[in-house]
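This report concerns only the one structure given below.
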Amino acid sequence: MTTAPAPAPASAPAPAPTRTAVTTTLTTPDGPFTVVVGTDGAVLASGWTADPGALVALVHPELRPARVTPVPDDDPGVNQAVTAVRGYYAGDVRAIDAVPVRQVSGPYRAHAWDVLRSVEPGEPVTYTRYAELSGRPAAVRAAAGACAMNAAALFVPCHRVLRTDGSLGGFRYGLDVKRSLLERESRATGARAPRG
């Protein structure tokens with residue numbers, strides 16, 4: 001396992017509710033990718049859609065911005081996230097690790113999101129292993145729920161979690177995107193791509 005800088009926590013505490021945010025959409029090989037970023041620079045939501053409203057709906061009510069302003073992709077408010085996404089797609093699959101993310105939930109889910117950020121690219125884990133890494137080996141459904149409730153796709157890499165049999169399982173943005181991400185990470189790290 002290659003050692004990378006420790007990823008920024010997925011559940012950093014919010015100093016105050018985020019009431020405004022900025023958003024931009026990038027073109028990627030997997031389709032449009034939109035980020036919603038709070039005024040503190042933390043990603044609140046992201047995913048393969050051109051609809052920021054769909055992403056804002058995923059943000060926990062405590063953090064959900066009341067106003068989201070579209071900005072160009074070179075705006076300072078989105079620069080760190082945009083640079084990381086471009087780096088990721090250019091082959092630096094660890095470029096996303098240092099981008100701050102802000103999500104809110106109960107203690108287990110918040111911890112599980114932080115654990116998910118430590119899953120190395122090219123080394124996907126099963127839901128069972130993810131539950132073990134999260135400190136609750138019997139909580140496979142809770143681990144799956146953490147993936148399902150993750151608003152910050154790519155930065156909190158839920159695509160790196162597979163079914164127990166090694167098949168892809170589900171993904172909010174479709175199995176074609178999940179497969180593409182896993183194959184990209186396998187190529188970049190020299191790992192074998194999962195089946196599925």
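Among the candidates Gly190, Gly135, the residue that is over 15 Å from the mean Cα position of the chain (by Cα) and farther than 17 Å from Ala90 by Cα is uniquely Gly135. Residues that are part of a loop (DSSP other than H, G, I, E, B) and crowded, with 18+ Cβ neighbours inside 10 Å were ranked within segment 10-35; the one that is modelled with the highest pLDDT is Asp30.
Screening segment 36-93 for residues that are at pLDDT 95 or above and polar (S, T, N, Q) and picking the one that is nearest to Arg109 (Cα to Cα) gives Ser46.
Of all residues in segment 38-83, those that are crowded, with 19+ Cβ neighbours inside 10 Å, within 21 Å of Cys147 (Cα to Cα), of a type outside the set (Phe, Trp, Tyr) and touching a residue at least 60 places away in the same chain (Cβ under 8 Å) total 10.
Of the residues contained in segment 104-122, none is found to be in contact (Cβ under 8 Å) with a residue 60 or more places away in the chain and in contact with a strand residue (DSSP E or B) (Cβ under 7 Å, 6 or more places away or on another chain). For beta carbons closer than 8 Å, sequence separation of 6+ or different chains, a first residue in segment 84-98 that is within 13 Å of Thr27 (Cβ to Cβ) and a second that is assigned to a helix (DSSP H, G or I) and charged (D, E, K, R), the qualifying pairs are Tyr89/Arg184.
The values are calculated or read from the model by the stated rules, or taken from the named source; none is laboratory data. Note that the coordinates shown come from a computational prediction; the quantities given were computed from them, not determined experimentally. Glycine gets a Cβ as well: all are built from the backbone with ideal geometry, and neighbour counts include every protein chain shown.
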